[in-house]
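Written below as structure tokens is the structure these notes are about.
The values are calculated or read from the model by the stated rules, or taken from the named source; none is laboratory data. Bear in mind the structure is a predicted one, so any value in this text is a computation, not a measurement. Reconstructed Cβ throughout: ideal geometry from the backbone, glycine too, with neighbour counts over all protein chains shown.
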Amino acid sequence: MLQKLSIRHQFATIGLFGITMAAAALAISLLGAYRLELADRKAEVRTLVNNAVAIASSFARLVKYGAMPKDRAQAIALEIIGATRFDHGNYYFVDDKDGTIIQHAKKSMLGKNRLDSKDAYGHYIIRPMLEGALAGHPVFNEYYISKANGKKPLEKISYMAKVPGWDWVIGTGVYVSEIHAALWENITRIAEIFVPVFLFFLLAMYFIQRNIAAILRAMTGAMTRLSKGDTTTPVPYVERNDEIGGMARAVEVFKAAGIEKGQLEAEAREAREAREAEAARAAAERDQAARDLALVVDSLATGLENLAAGRISFRLTTAFANGYERLRTDFNAAMDHLQEL
């Protein structure tokens with residue numbers, strides 16, 4: 001398919017493919033980063049809940065061993081847990097086994113039973129977590145609820161665990177918007193690095209294809225003038241050590257052959273004047289040489305025109321005369337090298 005495109009369009013296709021692959025890799029990387037961030041946040045929430053349960057459990061043990069009255073111990077535990085803030089204002093909430101709130105950042109929520117409460121989208125708020133915690137298998141739950149100081153419902157992932165010895169279930173959660181904010185921070189940081197790299201890549205591709213197109217135009221122009229008999233035309237890029245240089249040196253051989261042809265014609269004219277008997281044979285040789293050279297000129301010109309148009313799969317298939325067969329071989333070899341790039 002690429003063989004049917006010009007050099008410019010081939011480079012554009014390669015550049016687009018490279019950018020697409022890089023974007024896909026970046027998207028996969030960001031998705032992985034989001035999943036890791038989500039897993040880390042869940043682990044953090046679980047740890048926070050376990051810490052709060054440990055605080056309440058320590059007071060439950062004081063009650064168990066008679067070191068403190070139960071009402072006093074529970075009041076102090078609720079005060080400590082209720083005053084705790086983390087992650088820019090996040091908080092703990094405590095419910096009893098029936099789903100009645102006994103500690104919450106919104107004091108208006110105290111005493112309310114939310115076992116059957118649902119968010120605006122029909123999701124249970126605490127029922128799955130409460131049932132899981134009481135059964136000894138704490139689970140995460142996703143629902144929508146506003147922050148303590150806000151009104152707009154936001155997606156939240158919460159976790160609850162039971163306090164052994166008391167009918168308490170303590171929970172907390174993380175707002176998904178905070179995870180998204182961390183993700184966008186990563187995207188911004190990555191973009192600051194990769195956008196300049198992408199721009200440099202595009203500029204490099206543009207200048208490379210522009211340089212190659214200019215080289216091929218110069219080679220085609222030289223071949224066209226040589227095919228018209230202008231043997232004074234200089235062949236560009238013969239000093240290069242790459243495939244372009246090999247092609248230019250092949251054209252230089254063609255130029256030398258053209259000059260040699262002119263010299264042969266002059267010598268033939270002198271020979272014709274000197275020896276009439278050799279005139280027919282000399283004329284036949286000149287005609288044959290002219291036909292061979294015309295085939296070489298037309299074939300090489302056609303080859304360079306195809307190359308300039310981006311058809312790097314083109315090959316010279318018609319055999320040249322023995323004196324010029326090397327030109328065809330060198331041209332085809334140069335095209336092979338270009339196609340491998």
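What the table below lists for this structure:
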| read-out | value |
| --- | --- |
| Members of region 116-138 that are in contact with a strand residue (DSSP E or B) (Cβ under 8 Å, 6 or more places away or on another chain) and either in a loop (DSSP other than H, G, I, E, B) or not assigned by TED's automatic domain parsing to the domain that holds F93 (or both) | D116, S117, D119, A120, Y121, H123, I125, I126, G136, P138 |
| Region 273-305, subset of a type outside the set (A, V, I, L, M, F, W, C) and crowded, with 16+ Cβ neighbours inside 10 Å, residue farthest from R249 (Cα to Cα) | R286 |
| Breaking point among (1) of a type outside the set (F, W, Y); (2) at pLDDT below 80; (3) closer than 20 Å to D242 by Cβ, for D336 | (2) |
| Selection count, region 249-264, where residues are more than 19 Å from D298 (Cβ to Cβ) and at pLDDT below 75 | 1 |
| Of all residues making up region 317-337, the number that are surrounded by fewer than 19 Cβ atoms within 10 Å (Cβ to Cβ) and within 35 Å of the chain's Cα centre (by Cα) | 3 |
| Unmet requirement for M223, which otherwise passes all of (1) under 20 Å from Y324 (Cα atoms); (2) assigned to a helix (DSSP H, G or I); (3) in the same structural domain as R311 (by TED's automatic domain parsing); (4) aliphatic (A, V, I, L, M) | (3) |
| Single residue of R291, R275 found to be out of contact with any helix residue (DSSP H, G or I) (no Cβ under 7 Å at 6 or more places or on another chain) and more than 18 Å from L327 (Cα to Cα) | R275 |
| Residue list for region 148-169, restricted to those being within 41 Å of the chain's Cα centre (by Cα) and closer than 21 Å to D40 by Cα | L154, E155, K156, I157, S158, Y159, M160 |
| Some residue of region 130-138 being at pLDDT 90 or above, surrounded by 14 or more Cβ atoms within 10 Å (Cβ to Cβ) and under 41 Å from the mean Cα position of the chain (by Cα) | yes |
| Answer residue from region 52-101, given it is farther than 22 Å from R114 by Cα and of a type in the set (D, E) and is nearest to the chain's Cα centre (by Cα) among those | D87 |
| E37 vs. criteria surrounded by fewer than 16 Cβ atoms within 10 Å (Cβ to Cβ), modelled with pLDDT of 80 or more, assigned to a helix (DSSP H, G or I) and in the same structural domain as G165 (by TED's automatic domain parsing) | no |
| Per-region count, region 167-205, residues of a type outside the set (S, T, Y) and in contact with a helix residue (DSSP H, G or I) (Cβ under 8 Å, 6 or more places away or on another chain) | 18 |
| Output for region 90-113, where each listed residue is at pLDDT 90 or above and assigned to a strand (DSSP E or B) | F93, V94, D95, D96, T100, I101, I102, Q103, N113 |
